[in-house]
1. Quickly run through region 147-173 and pick out the residues that are crowded, with 18+ Cβ neighbours inside 10 Å, outside any helix (DSSP H, G or I) and aliphatic (A, V, I, L, M).
2. Among the candidates LYS241, LYS236, which residue alone is modelled with pLDDT under 90, among the charged types (D, E, K, R) and part of a strand (DSSP E or B)?
3. Answer with yes or no whether ILE107 is more than 30 Å from PRO204 (Cα to Cα), surrounded by 19 or more Cβ atoms within 10 Å (Cβ to Cβ), modelled with pLDDT of 95 or more and not polar (S, T, N, Q).
4. Hey, among the residues in region 110-146 that are β-branched (Val, Ile, Thr) and not in a loop (DSSP other than H, G, I, E, B), which one's surrounded by the fewest Cβ atoms within 10 Å (Cβ to Cβ)?
5. Among the listed residues ILE206, ILE177, which satisfies the condition of being closer than 21 Å to ARG131 by Cβ, surrounded by 11 or more Cβ atoms within 10 Å (Cβ to Cβ) and free of Cβ contacts under 8 Å to residues at least 40 places away in the same chain?
6. Within region 127-145, can one find any residue that is in contact with a His (Cβ under 9 Å, 6 or more places away or on another chain) and not acidic (Asp, Glu)?
7. Just the residues that are within 30 Å of GLN31 (Cβ to Cβ), surrounded by 15 or more Cβ atoms within 10 Å (Cβ to Cβ) and either modelled with pLDDT under 80 or not aromatic (Phe, Trp, Tyr) (or both), please, taken from region 58-89.
8. Given ARG131, ARG137, which one is of a type outside the set (Gly, Ala, Ser), more than 17 Å from PRO222 (Cα to Cα), at pLDDT 95 or above and within 26 Å of the chain's Cα centre (by Cα)?
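The values are calculated or read from the model by the stated rules, or taken from the named source; none is laboratory data. Values in this document were obtained by computation on a predicted structure and should not be read as measured data. Quick reminder, even Gly has a Cβ in these numbers, built from the backbone with ideal geometry, and neighbours come from all protein chains shown.
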Amino acid sequence: MPNHSKVPKYEKIAVDLENDLLNQKYSYGQQLPSETKLMEMYDVSRITARKALTDLENRGLIYKIQGKGCFASVSRKRQSLLQIHSYTQEILNAGMIPSRKILASRIRPTSPEETAILELPAESKVFHLERLVFADRQVLCKTCAILPYRLFPQIEHFDFQSLSLYDIMEKEYQVKIHHIALDLSPVCADRALAAQMLLQEHTPLIFTDSLSTTKAGNKEIPVELSYSYYNTDVIKYSVDKYN
């Protein structure tokens, strides 16, 4: 049967191998199929097989050792930034074990900025929760969540060292996150943040600033303001785009 696909054969091979790498079929340093093996698997020429491997090497997904072959250089789990889920689910999806450490948990008055963003009456209160989130005992992120206390009364009594915040919001308060507006930017850990996250000073991180809303009828209601610092050496984040 003739092949009407417009995708070059080397791209098909590269995509398949990239998916295998990101899904941890090959662990860091593990050897990939040789050019000869790829020629047999895909019924292609050596030039095509070599071009696929070169494409992966140019993108830093593999490395070559002269006379030995190609080896995986991807060691981080992969997670989509386009999905709404808790840190717990995010870590479980990556095949890792979640844990947490509480840094701060209190009820406090809102700041003027929080009052405006969360659309609260003046002199409102918020629940302020700061945690370190671990994946396989590595610090994934430091996160701060700020919730309108009037929507979540008595929430401070839950054990957020062992429980998922989103699970409590949904199961105990019937508040389901409908939309998250997320801004992100690259930062480097200063001395204080590095010490908190058990990292070296100047470690590259991703800082996220987000506002989560729930839906009531046709209205979006702000329910969480969140700030997080992510260590991307633990989980790799990606955005998939489709035409």
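1. Listed by number, the residues that qualify are LEU147, LEU151.
2. Working: LYS241 fails: part of a strand (DSSP E or B).
Checking each option against the conditions leaves just LYS236.
3. Values: more than 30 Å from PRO204 (Cα to Cα): yes; surrounded by 19 or more Cβ atoms within 10 Å (Cβ to Cβ): no; modelled with pLDDT of 95 or more: yes; not polar (S, T, N, Q): yes.
Judged against the criteria, ILE107 is not a match.
4. Initially, region 110-146 is screened for residues β-branched (Val, Ile, Thr), giving 110, 115, 117, 126, 133, 139, 143, 146.
Those left that are additionally not in a loop (DSSP other than H, G, I, E, B): 115, 117, 126, 133, 139, 143, 146.
Working: THR115: 17, ILE117: 14, VAL126: 25, VAL133: 22, VAL139: 19, THR143: 20, ILE146: 21.
Once the filter is applied, the top-ranked residue is ILE117.
5. The conditions single out ILE206.
6. Filtering region 127-145 down to residues in contact with a His (Cβ under 9 Å, 6 or more places away or on another chain) leaves 144-145.
After this cut, where a residue has to be not acidic (Asp, Glu) as well, the list is 144-145.
The answer is yes, given that some residue of region 127-145 is in contact with a His (Cβ under 9 Å, 6 or more places away or on another chain) and not acidic (Asp, Glu).
7. The initial filter retains those residues of region 58-89 that are within 30 Å of GLN31 (Cβ to Cβ), namely 58-80.
From the residues that got through so far, the ones that are surrounded by 15 or more Cβ atoms within 10 Å (Cβ to Cβ) too are 61-62, 69-74, 76-79.
Scanning region 58-89 gives LEU61, ILE62, GLY69, CYS70, ALA72, SER73, VAL74, ARG76, LYS77, ARG78, GLN79.
8. Values: ARG137 fails: at pLDDT 95 or above.
None of the other options fit; the residue is ARG131.
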